[in-house]
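Read through the structure below, which is laid out as structure tokens, and then see the notes.
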Amino acid sequence: GENVEQHPSTLSVQEGDSAVIKCTYSDSASNYFPWYKQELGKGPQLIIDIRSNVGEKKDQRIAVTLNKTAKHFSLHITETQPEDSAVYFCAAKKGNSGGSNYKLTFGKGTLLTVNP
Amino acid sequence: GAVVSQHPSRVICKSGTSVKIECRSLDFQATTMFWYRQFPKQSLMLMATSNEGSKATYEQGVEKDKFLINHASLTLSTLTVTSAHPEDSSFYICSTMAGGLTDTQYFGPGTRLTVL
């Protein structure tokens, strides 16, 4: 099955700096890669996603890049703010047909701390 | 994004009792819902996939007789933890597919279960 590795497990940055979180996946058939932000005691919130037909996607201060050849994708947060502090999870999935293809495989998460 | 609600947000129960957690898709019909469990400082672990009108599909190692799932309507899925024990204490989170051909998956706010 799919295996998703996420690094680093913890990341501490100063407010205003950029933060980068990287993930690798094992199954070349995976074609959908979402990123979730989880605050303490809350459910994960989808912040951005990318599909395998594009190499980069940006939404304000957040961007995701995908390298299908190398099977890795990254989350980039610019101009970080204290409210960006949370656990971030990457995930990968094969597609939207039936059966097991619906399953998201998650990385182990990155605790991001933005220091004021 | 889609709105998913869970009830209750937290529950404390005595060992041996059963607890029911509700997951509602508030703004679209969800033929597929997912139930996850998350232990402290760990990633999300998929327990089962809930399909409207049919039996749920459980992941390997998850006891179907202990974690009863009912998906009787397109907007409601329930997870019942039967004869709960302290080791069942965890954060339970449901998720829904956005519907149609999209892969997008949205999560509820989670339910904190504490078994004494």
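The values are calculated or read from the model by the stated rules, or taken from the named source; none is laboratory data. All values derive from a computational prediction rather than experimental measurement. Reconstructed Cβ throughout: ideal geometry from the backbone, glycine too, with neighbour counts over all protein chains shown.
Quick check, is A:N31 under 24 Å from B:W35 (Cα atoms), buried (at least 16 other Cβ atoms within 10 Å of the Cβ), at pLDDT below 95 and not acidic (D, E)? Judged against the criteria, A:N31 is a match. The residue that is surrounded by the most Cβ atoms within 10 Å (Cβ to Cβ), counting only those in region A:1-21 that are part of a loop (DSSP other than H, G, I, E, B) and more than 12 Å from the chain's Cα centre (by Cα), is A:E2.
With respect to (1) part of a strand (DSSP E or B); (2) more than 14 Å from every other protein chain (Cβ to nearest Cβ); (3) within 16 Å of B:H85 (Cβ to Cβ); (4) not aliphatic (A, V, I, L, M), the lone exception for B:K20 is condition (3). Picking from residues in region B:72-94 that are of a type in the set (G, A, S) and touching a Cys at 6+ places or on another chain (Cβ under 8 Å), the one that is farthest from B:C13 (Cα to Cα) is B:S77. Does any residue of region A:99-111 turn out to be touching a Phe, Trp or Tyr at 6+ places or on another chain (Cβ under 7 Å), over 21 Å from A:T10 (Cα atoms) and surrounded by fewer than 21 Cβ atoms within 10 Å (Cβ to Cβ)? Among the residues of region A:99-111, not one is touching a Phe, Trp or Tyr at 6+ places or on another chain (Cβ under 7 Å), over 21 Å from A:T10 (Cα atoms) and surrounded by fewer than 21 Cβ atoms within 10 Å (Cβ to Cβ), which makes the answer no. The residues in region A:51-69 that are closer than 19 Å to B:T104 by Cβ, polar (S, T, N, Q) and either surrounded by 13 or more Cβ atoms within 10 Å (Cβ to Cβ) or touching a Pro at 6+ places or on another chain (Cβ under 6 Å) (or both) can be counted, and the count is 1. Kindly indicate which of B:S95, B:S54, B:S50 is of a type in the set (G, A, S) and within 9 Å of chain A (Cβ to nearest Cβ). From the options B:S95, B:S54, B:S50, the qualifying one is B:S95. If you filter region A:20-51 down to residues that are hydroxyl-bearing (S, T, Y) and within 9 Å of chain B (Cβ to nearest Cβ), you find that the one that is farthest from A:T10 (Cα to Cα) is A:Y32. Residues in region A:70-77 include at least one that is under 17 Å from A:T113 (Cβ atoms), surrounded by 19 or more Cβ atoms within 10 Å (Cβ to Cβ) and either away from chain B (no Cβ under 14 Å) or out of contact with any helix residue (DSSP H, G or I) (no Cβ under 9 Å at 6 or more places or on another chain) (or both). Considering region B:26-52, and only residues there that are assigned to a strand (DSSP E or B), at pLDDT 90 or above and of a type in the set (S, T, N, Q), the residue that is farthest from B:H7 (Cα to Cα) turns out to be B:T49.
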